[in-house]
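This report refers to the structure that appears directly beneath it.
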Amino acid sequence: MPHERIDKLIASQGTLTRSDARRLIKSGAVTVNGACVRDAGQKADPTTDQISVSGQPFLISKHIYLMLDKPAGIVSASRDPKRETVVDLVPAKFRRAGLFPAGRLDQDTTGFVLITDDGDFAHRILSPKKHISKTYLARLARPADDMLMDAFRAGVVLADGTRCMEAGLRILEGGEMPLAEVVLHEGKYHQIKRMFAALGNEVTALRRIKMGELSLDETLGPGGCRKITAEELALISQEQLEQDAGHTSQAGTP
Ligand code: URA
């Protein structure tokens, strides 16, 4: 990372605004290599300089990872000439160049969207070869039967003849309009809607609640967005690490 202004570096982590950072610097709370810095324009290199704020080491991460609870009606894209996108919903304090959603949800689907500027990470969690699970809640228009369970276990064949990978299915609420939990290990276009349609049912509402082992923070509420911590980030790729280590993943097993 090249040398950057110290106020810009501190504000780049999304917890403080640039003017908050400047105030903090003026107050004498910021040191670089042990020396107090009161000039917000002083430059530092976070890879080699030891920066601390209020006595605590200030660690700069190169990339940002955000969790957004996508409301219905918003498109999963970085920008769109007509419609509001998930990146438009990112609060100003987290904005930076190159943000994009790692994976798409349909416009009417709600829930967990991961927004980042880290292309390598997005590629890793989206690659069908890595089998990172995505968990959804689907409200169905018609009752569920055993045939649904068998078909999900065997791999649903879509109307166009495409065979899906084995997927998890659990009926959380039965009745006329059941609520199902679906666990996918791949991401085909409109996949869950097409899977149920191929089996004579219909999805009337869909929400993503989990990526890998990381659950959506339900306290965010529609449109809410926050940073994903390093520990949480590890939960997303945990399954893949287990598979790489030769363990059998239980994800997707009802
Ligand atoms: N499957 C769908 O049908 N839609 C989504 O948005 C995600 C998975």
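Here are the numbers:
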quantity: Condition met for T116 (surrounded by 17 or more Cβ atoms within 10 Å (Cβ to Cβ) and within 16 Å of the ligand (Cβ to nearest atom)); calculated: no
quantity: Top-ranked residue of the range 87-103 - restricted to ones that are of a type in the set (A, V, I, L, M, F, W, C) and in contact with a strand residue (DSSP E or B) (Cβ under 8 Å, 6 or more places away or on another chain), ranked as nearest to R208 (Cα to Cα); calculated: A102
quantity: Matching strands (runs of 3 or more DSSP E) fully within the range 139-232 where at least 2 residues are among the charged types (D, E, K, R); calculated: 168-173, 203-211, 225-227
quantity: Residue in the range 200-209 that is nearest to the ligand (Cβ to nearest atom), counting only those that are more than 15 Å from T110 (Cβ to Cβ) and surrounded by fewer than 18 Cβ atoms within 10 Å (Cβ to Cβ); calculated: E202
quantity: Close pairs from the range 174-198: first within 16 Å of G155 (Cβ to Cβ) and within 9 Å of the ligand (Cβ to nearest atom), partner among the aromatic types (F, W, Y) and not in a helix (DSSP H, G or I), Cβ under 9 Å, at least 6 apart; calculated: V182/Y136; L184/Y136; I192/Y136
quantity: Criterion: within 30 Å of M211 (Cα to Cα) and outside the structural domain of A230 (by TED's automatic domain parsing) - qualifying residue of Q107, Q50, Q42, Q13; calculated: Q13
quantity: Answer from G223, G212 - the residue that is more than 16 Å from the ligand (Cβ to nearest atom) and either over 23 Å from I125 (Cβ atoms) or in contact (Cβ under 8 Å) with a residue 24 or more places away in the chain (or both); calculated: G223
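The values are calculated or read from the model by the stated rules, or taken from the named source; none is laboratory data. Predicted model, so just to flag it, every value in this text is computed and none were measured. All Cβ positions, even for glycine, are placed from backbone atoms using ideal geometry, and neighbour counts span all protein chains on display.
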